[in-house]
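Beneath this line is the structure, given in structure tokens, with notes to follow.
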Amino acid sequence: MKPIGIIGGSGLYEMLDHPRRFIHDNPYGSSSEIFEGTLSGRPVYFLPRHGPNHTIIVPRINYRANLWAMKDLGVERVIATNSVGSLNPDIAVGDMVIPHDFINMTSRLPRSFYDDTEVAYHVDMAVPYCPDIREALIRASREVHQGTTHSHAVLLVAEGLAFNTPAEQRLFRSWGADLCGMTTLPEAILAREIGLCYAHICMPTDCVGAPIHSDTFQGLLKAGTADFRQIIALAVQRLSDERDCPCAHALDHAILARS
């Protein structure tokens, strides 16, 4: 079976059987630490974006090196996890959400594998996330999670590191955003640029208009990580090696541009 890539929070590597830790050096630099192991009998590479001890802050994540490492290791499907803020009163703290679309408000560089090349491919993002992975996550979450699972949501990804102001929240809601996060982009776009399937499951740890407290935040993260482990283990079992989704054909139909 082909390996599955998982990108997420530091606590998830504990779900792997007999993990081996290493760093992948490639043309885009050094990846975050990667844990190689098995999950549900399937080979898995788990990459904690922020490092096992959460020492890599959002703007210092080497997204290109992380995604290229996955591709070089033979991964074709990537499942990601995130904690986010809810902008939609119908999406409560502790719910599970599998977004179907996103709005990119980041300005971090590099934002593409083609930032420093003479040739670039403009990839189609009409279907922003892999439908196969989304379906597997939705089904698994509804079987595992005791609360509500939302199968559609628009995620706005902002630069961070601070959380959003009330005025920003009102603006983002007027645009149709349901959630706000910091780390899904440029990750999702980079995955599409190299033909990887990518989708993610996230959990709100705060909601619009409510203050964020570190003690409740940590408790929510712990509970969310426990659910993520079970959901991902179930989804991994159901993902086929065969791909015929938009992600798999991303470069077949991409528009080639030369500078």
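Being in a loop (DSSP other than H, G, I, E, B) and in contact (Cβ under 8 Å) with a residue 40 or more places away in the chain is the filter; apply it to region 155-172 and report the residue that is nearest to I201 (Cα to Cα).
Restricting to residues being in a loop (DSSP other than H, G, I, E, B) and in contact (Cβ under 8 Å) with a residue 40 or more places away in the chain, the top hit is A158.
I'd like the residue in region 87-123 that is at pLDDT 95 or above and among the polar types (S, T, N, Q) and, out of all such residues, is nearest to the chain's Cα centre (by Cα).
N104
If you check F102, F163, which single one turns out to be open to solvent by 20 Å² or more (accessible area, probe 1.4 Å), of a type in the set (F, W, Y) and in contact with a Cys (Cβ under 9 Å, 6 or more places away or on another chain)?
Just a single option satisfies the conditions, and that option is F163.
If you take the residues of region 158-182 that are under 21 Å from I138 (Cα atoms) and not aliphatic (A, V, I, L, M), which of them is nearest to the chain's Cα centre (by Cα)?
Within region 158-182, the match that is nearest to the chain's Cα centre (by Cα) is G181.
Looking at this structure, is S40 polar (S, T, N, Q) and open to solvent by 30 Å² or more (accessible area, probe 1.4 Å)?
Criteria met by S40.
Answer with yes or no whether T55 is assigned to a strand (DSSP E or B), surrounded by fewer than 21 Cβ atoms within 10 Å (Cβ to Cβ) and of a type in the set (S, T, Y).
So T55 does not fit the description; no.
Filter region 63-75 for residues that are open to solvent by 50 Å² or more (accessible area, probe 1.4 Å) and within 16 Å of the chain's Cα centre (by Cα); which is nearest to A248 (Cα to Cα)?
The selected residue is K71.
Consider region 171-195. How many of its residues are open to solvent by 20 Å² or more (accessible area, probe 1.4 Å) and at pLDDT 95 or above?
Within region 171-195, residues that are open to solvent by 20 Å² or more (accessible area, probe 1.4 Å) and at pLDDT 95 or above number 7.
I'm checking my understanding of the structure. Among residues of region 241-259 that are farther than 18 Å from A191 by Cβ and part of a loop (DSSP other than H, G, I, E, B), which one is modelled with the lowest pLDDT?
In this case the residue turns out to be S259.
Scanning region 206-240 for residues that are buried (at least 21 other Cβ atoms within 10 Å of the Cβ) and touching a Gly at 6+ places or on another chain (Cβ under 8 Å), which turns out modelled with the highest pLDDT?
Only one residue fits best here, namely F228.
The values are calculated or read from the model by the stated rules, or taken from the named source; none is laboratory data. Keep in mind that what you see is a predicted model, and the values were worked out from it rather than measured. Don't worry about glycine lacking a Cβ; one is built from the backbone with ideal geometry, like all the others, and counts go over all protein chains shown. Surface accessibility is based on the protein's heavy atoms, side chains included, excluding ligands, DNA and RNA. Shrake-Rupley method; radii C 1.70, N 1.55, O 1.52, S 1.80 Å.
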